[in-house]
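So the structure is just underneath, and the comments pick up after that.
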Amino acid sequence: MCGIIGYIGKDQALPVLINGLRRMEYRGYDSAGVAVINDGTTAVTKRSGKIANLATALDTRPLTGHTGIGHTRWATHGAPTELNAHPHQAGHVTIVHNGIIENYVALKATLTAAGATFASDTDTEVLARLIESETKTHKSLEAAVLAALLQVEGTFGLVVLDDRHPDTVVAARRGSPLLLGLTPEATYIASDATAIIGYTDRVVYLDDDEIAVCRPGSYAVIDFEAKAKEHEEVEIKLELAAIEKSGYDHFLLKEIMEQPRTIADTLRGRLDLENGTSHLGGLNLPPDYYQTISRFLTVACGTAYYSGLLGKLFIERMTGLPVDVEVASEFRYRNPVVVTNTLGMVVSQSGETADTLASLREMKRRGISTLGLVNVVGSSVAREVDGGVYLHAGPEISVASTKAYTSQVLAQILVGLQIGRARSLSITEGKAIVQALQDLPAQVQSVLDQRDKIKAIAKKLAHLNSAMYLGRDTLFPVALEGALKLKECAYVHAEAYPAGELKHGPIALVDDNLLVVFLHPKTALYDKSQSSLEQIRARGGQLMIVGTEGDQSLTDFTDNVIYIPEANPYTLPLLANIPLQLFAYYVACERGTDVDQPRNLAKSVTVE
Ligand code: AGP
């Protein structure tokens, strides 16, 4: 979704801004722009489409100056045109904004009545004009910004320039992340730490309802009552290599291929084979609480939600407690029954998903303990939960989530293991799970090693425009995730069913134009699934099967068989998911889609 970068310091601002915008391209956007103050005026250049368009325009007419802001926009109010792109200007004020100003219609009417005119369809231009009008009665820029924001309903990550104050950049946050990057000579402002990697590793995360006044090499933070706020500077451990393609054609492939390492990183230091358990330092739950938990409630969106559906099956088996899993956008607006001693779990790669964050706040309002299973360190979810588990999967740049999904499932297994062992899970079973987790990186590697075969199958099947993914038990959530990957990456209509549901309706779709991805490794339900496979073959469905190494019978159904190693029931679904990730990637390449930034999608959905 939208990205913000700002710079004030001794260097030229423009290269920092363009570099920062490029680093945030992965978030998804449809226009981009920059503004730089020079000699008492702020010059703005913006373009619809890719940052390359903006960069080309700036090559011919570069902007010079040491103070500037940049933005990638994902259209909400108004089409993705150059006019609607940020930055927006009102007189001497120029702003970039993430989030939504909910009362912008009323504000616009008041400003229009006072003589203001507007060039764009955006809520952001209204905010710019509001701030500009407040500069008439407030001496400092921060006071004007504060006065304007007190009239605003909605969310904002906001950065403001004023021609008349070239030595100051003002940033403000409510519900949309912003951080400051600090060096002795400069201050960076960004909505995403990836934008400032390589410039500094010292950052300050702004909290909601805070305003930062940034100057070259210094900053001050005030709250919405204009009171000074102290902030801890933290070190971010991100390396440039983590946000580069490292020789791969796409981030998606890189992230799929690096899973043996990211799995090891998620598990590192957390497994205890001797006691068949896990050690999670950050849960912040007293051990006697484990005995009093009555149920779990997992809330998440998209892929993270599908990880929750799989996590549910594991955690229920390990702890003997019920697990409810809810789509965050639904949970936040209904009257969910939250019984006493429910442990809330919030799963999110970004830790900034608006619906997920709102659900977390709703859980807290209801007084239950919350855990965050989050990848992005310092993100809003990570900072608001009572405890949690960082995924340590490293930056996930491709919009389609792959390695983070795997780590989300693992984190849930680790939580289930620790709580399960404190309750009813036997040491024998605990040890078997720990051993399986330790074996997982090598097993995943063995599946990844078959990528050429998967590529060849994808080439054969890429022309099909509709797909059905089938699996039973723990393989049904995997089928859901596999279908989502194909939709997102390759724009192929795909849905998923528990295989046993086939005969209750979806079998009507099966003919030789339908791709059927059948998850059929050796599990307790293998024989039960066999009849569904027969039914698909009888109707000419185009099959691809994921089966267990050595199961030659599958080749009677199709040549499109991908084998995964035999595995423990807790790791088998993760292994079965790997071919689905690679398949979606290669079908996407074959169909020529924008693999890393699929159309209409954003990496982190920070608006409703
Ligand atoms: C995954 O491929 C998707 N792009 C999307 O469903 C994503 O998982 C969802 O928006 C949740 O994001 P989060 O994990 O950052 O909260």
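So what is log10(I(q)/I(0)) for the stretch 344-490 at q = 0.16 1/Å, when the Debye sum runs over its Cα atoms only?
-1.09
Within the stretch 245-445, what is the number of lysine pairs with alpha carbons under 22 Å apart, leaving out pairs fewer than eight places apart on the same chain?
6
For Lys46, give me every one of the lysines with a C-alpha distance below 26 angstrom, ignoring sequence neighbours fewer than eight places off in its own chain.
Those lysines meeting the cut-off are Lys10, Lys108, Lys603.
Specify the inter-centroid distance of the stretch 539-590 and the stretch 162-231, based on alpha-carbon positions, in whole Å.
That distance is 48 Å.
Can you say what percent of the DSSP beta bridges in the stretch 245-445, counting only those with both residues inside, are antiparallel? Round to 5.
Antiparallel bridges: around 10 percent, rounded to the nearest 5.
Starting with the fewest neighbours, write out Glu132, Glu501, Glu25 ranked by other beta-carbon atoms found within 10 Å of each beta-carbon.
Glu501, Glu25, Glu132
Compute the separation of the alpha-carbon centres of the stretch 1-64 and the stretch 272-311 and state it in Å as a whole number.
A separation of 42 Å, based on Cα centres.
May I ask for the percentage of alpha-carbon pairs in the stretch 3-242 that lie more than 29 Å from each other? Don't jump to the answer; show the numbers that get you there.
Working: 5539 of 28680 pairs.
Beyond 29 Å sits 19 percent of the P(r) for the stretch 3-242.
Filter the trypsin sites (Lys or Arg not before Pro) in the stretch 257-357 down to the DSSP loop ones having no more than 11 other Cβ atoms within 10 Å, then list what survives.
When the trypsin sites (Lys or Arg not before Pro) of the stretch 257-357 are filtered for loop state and at most 11 Cβ neighbours within 10 Å, Arg268, Arg334 remain.
Explain nothing, just compute: Karplus ³J(HN,Hα) = 6.51 cos²θ - 1.76 cosθ + 1.60, θ = phi - 60°, for every residue of the stretch 433-448 in order, whole Hz, x for Gly and Pro.
Those phi angles translate into 5, 4, 4, 5, 5, 5, 7, 4, x, 5, 5, 4, 4, 5, 6, 4 Hz.
Under the √(5λ) rule applied to the eigenvalues of the Cα gyration tensor, what semi-axes describe the equivalent ellipsoid of the stretch 108-208? Give them in Å, descending.
28, 15, 12
What is the Rg over Rh value, at two decimals, for the chain, using alpha-carbon atoms and the Kirkwood definition of Rh? Provide the component values of the computation, followed by the final result.
On the way: Rg = 25.5 Å, Rh = 25.4 Å.
When Rh is taken as the Kirkwood radius, the ratio is 1.00.
Counting only DSSP beta bridges with both residues in the chain, what percent are antiparallel, rounded to the nearest 5? Intermediate values should be presented prior to the final figure.
Working: 64 of 105 bridges.
Roughly 60 percent of the beta bridges in the chain run antiparallel, per DSSP.
Count the net charge of all other residues whose Cβ sits under 12 Å from the Cβ of Ala52, scoring Lys and Arg as +1 and Asp and Glu as -1.
Once all neighbours under 12 Å are counted, the net charge is +1.
In a Debye calculation with equal point scatterers on the alpha-carbon sites of the stretch 547-601 and no solvent, what is log10 I(q)/I(0) at q = 0.19 Å⁻¹?
For the stretch 547-601, the Cα-only Debye profile gives -0.78.
Of all the Cα-Cα pairs you can form in the stretch 245-445, what percent are over 31 Å apart?
Tail of P(r) above 31 Å: 14 percent of Cα pairs.
What does the charge add up to near Leu321, with Lys and Arg as +1, Asp and Glu as -1, over the other residues with Cβ less than 12 Å from its Cβ?
Spelling it out: positives minus negatives among the neighbours equals +2.
Quote the convex hull volume per residue of the stretch 450-591, based on C-alpha atoms, as a whole number of Å³.
It comes to 90 Å³ per residue, whole-number rounded.
Which FRET efficiency, nearest 0.05, do Ser466 and Glu274 yield, Cβ-Cβ r, R0 41 Å?
Step by step, r from the Cβ atoms, then E = 0.25.
Throughout, read-outs are computed from the coordinates displayed, never taken from laboratory work. Just so it is clear, the model here is predicted, and its values are computed rather than measured. Every residue, glycine as well, gets a Cβ built from its backbone with ideal geometry; the counts of neighbours run over all protein chains shown.
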